[in-house]
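As structure tokens, the structure follows; a few thoughts come after it.
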Amino acid sequence: MNKLSSLFALAALSTVAMSTPISADEVKAGDLVISQAWSRATPGGAKVAGGFLTIENKGTAPDKLIAVSAEISGKAEIHEMAMDNGVMKMRPLDKGLVIDAGKTVKLAPGGNHLMLQQLKGPFKEGDKVPVTLEFEKAGKVTVSLDVQGVGAQAPGGGGMMMKKMPDHSGMKM
């Protein structure tokens with residue numbers, strides 16, 4: 001290959017590398033792969049924040065997310081948001097969240113999510129907030145939530161357009 005061809009190849013590879021989105025770290029726990037862990041920055045005085053992530057079960061048996069904890073919050077729960085007769089309702093999933101074998105579960109705004117309550121400090125854009133997830137089979141694993149902007153709908157500033165769901169980061173509980 002001549003020098004000009006090598007230069008073009010290097011330029012093409014550099015362009016691909018720079019255009020590939022940087023994603024949150026993947027964390028493995030047993031047969032589970034946890035990725036895209038993120039949260040939103042909280043407005044001043046907020047006592048509640050949501051946590052969002054993706055859990056992929058690469059195993060042959062289901063597992064269950066049974067608990068969550070974080071030093072920055074006095075209370076942490078796994079929550080569900082669902083429509084009930086045209087009203088959006090949020091409630092804790094006291095029995096946990098099943099991740100079926102070979103399936104992927106996304107915790108995202110407007111759906112299942114982590115609810116961090118009684119915050120001991122604000123979430124600032126760019127921070128990494130450690131949370132511990134406890135699974136029935138895979139055990140405990142710590143992941144870091146990458147804190148995005150206050151109105152973020154996905155990690156990295158957006159990606160796909162999503163219907164704007166109610167933001168409860170300012171709720172007092």
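The values are calculated or read from the model by the stated rules, or taken from the named source; none is laboratory data. Remember, it's a predicted structure, so these values are computed and weren't measured experimentally. As a convention, Cβ positions derive from the backbone with ideal geometry for all residues, glycine included, and neighbour counts pool all protein chains shown. Keep in mind that these areas ignore ligands, DNA and RNA; they rest on the heavy atoms of the full protein, side chains included. Shrake-Rupley method; radii C 1.70, N 1.55, O 1.52, S 1.80 Å.
Sorted into 5 angstrom bins from 0, the C-alpha pair distances of the range 88-154 split as 3, 11, 19, 28, 20, 13, 4, 0 percent.
Accessible surface of residue 90, taken over heavy atoms with a 1.4 Å probe and every protein chain present, rounds to 60 Å².
Pairs 64/89; 64/128; 58/124; 64/124; 58/120: which are spaced more than 27 Å apart, C-alpha to C-alpha?
Numbers: 64/89 22 Å; 64/128 25 Å; 58/124 33 Å; 64/124 30 Å; 58/120 35 Å.
From the list (64/89; 64/128; 58/124; 64/124; 58/120), the Cα-Cα distance tops 27 Å for 58/124; 64/124; 58/120.
With each label point set 7 Å from Cα along the Cα-Cβ vector, what nm distance links residue 134 and residue 104? Calculated label separation equals 2.9 nm.
On a full-extension model of 0.36 nm per residue, what is the gain between residue 142 and residue 83, subtracting their alpha-carbon distance, rounded to one decimal in nm?
Numbers: separation 59, 0.36 × 59 = 21.24 nm, distance 3.09 nm.
Between residue 142 and residue 83, full extension yields 18.2 nm more.
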